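A short worksheet on the structure shown next.
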Amino acid sequence: MNAEPEGVDLLRLRQRVEKEIETYVYDFPDTAIGNPWTDAAVQQGLAKFRASLVEPYWIEVEIRDTFEQVGRIEGPRRKCAAVADDGKGMLLLFDPTEDSFVLAESGSTGFTTLGVRGDAVGCFLAR
């Protein structure tokens, strides 16, 4: 697990995330349950995301996204690129194996994913 995943340019990854933030459009479908966020809440969340961005770096995480993975004594480990740190024990990672962003929380054994995957903005706002 010492090698960095091939085909991932960390500078381009950072630029991709910045572009996602700048072009994000909040959509609340008519069929959704709950109340939509206000524009102020969305803008505040995007501002927090911008402030949480870090220079991307590789980190090994424990993958705990599925019931099978959660049920194991130890989940599989994988290298992901950290792109944001909320300062409260939560990282936003890019998982090159799944080609998606994922949230991970700090624990006694390091960082562990928790099944929140998708686009960068959606994942960060879901934390």
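The values are calculated or read from the model by the stated rules, or taken from the named source; none is laboratory data. Given the structure is predicted, the values throughout are model-derived calculations rather than measurements. Glycine gets a Cβ as well: all are built from the backbone with ideal geometry, and neighbour counts include every protein chain shown.
Things to note:
- Conditions (1) surrounded by 13 or more Cβ atoms within 10 Å (Cβ to Cβ); (2) outside any strand (DSSP E or B); (3) among the small types (Gly, Ala, Ser): number failed by GLY87: (1)
- Residue in the range 26-41 that is within 26 Å of LYS88 (Cβ to Cβ), in contact (Cβ under 8 Å) with a residue 12 or more places away in the chain and among the aliphatic types (A, V, I, L, M) present: no
- Pairing residues of the range 1-20 that are under 15 Å from CYS80 (Cα atoms) and modelled with pLDDT under 70 with residues that are exposed (fewer than 15 other Cβ atoms within 10 Å of the Cβ) and not hydroxyl-bearing (Ser, Thr, Tyr), at Cβ distances under 8 Å and at least 6 apart in sequence or on separate chains, gives MET1/GLU60; MET1/ARG77.
- Residue ID - surrounded by the most Cβ atoms within 10 Å (Cβ to Cβ), chosen from residues in the range 7-60 that are β-branched (Val, Ile, Thr) and in a strand (DSSP E or B): ILE59
- Only residues that are in contact with an Asp or Glu (Cβ under 8 Å, 6 or more places away or on another chain) and farther than 15 Å from ALA51 by Cα were counted across the range 101-126, and they come to 11.
Residues are listed down the side, and each one gets a yes or a no for (1) in contact (Cβ under 8 Å) with a residue 24 or more places away in the chain; (2) of a type in the set (Ser, Thr, Tyr); (3) outside any loop (DSSP other than H, G, I, E, B):
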| residue | (1), (2), (3) |
| --- | --- |
| ASP65 | yes, no, no |
| THR97 | yes, yes, no |
| VAL102 | yes, no, yes |
| GLU105 | no, no, yes |
| LEU114 | yes, no, yes |
| PHE124 | yes, no, yes |
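- Qualifying residue in the range 63-80 (condition: at pLDDT 95 or above and crowded, with 18+ Cβ neighbours inside 10 Å): yes
- The set of residues in the range 113-127 that are under 12 Å from GLU62 (Cβ atoms) and at pLDDT 90 or above contains only THR113.
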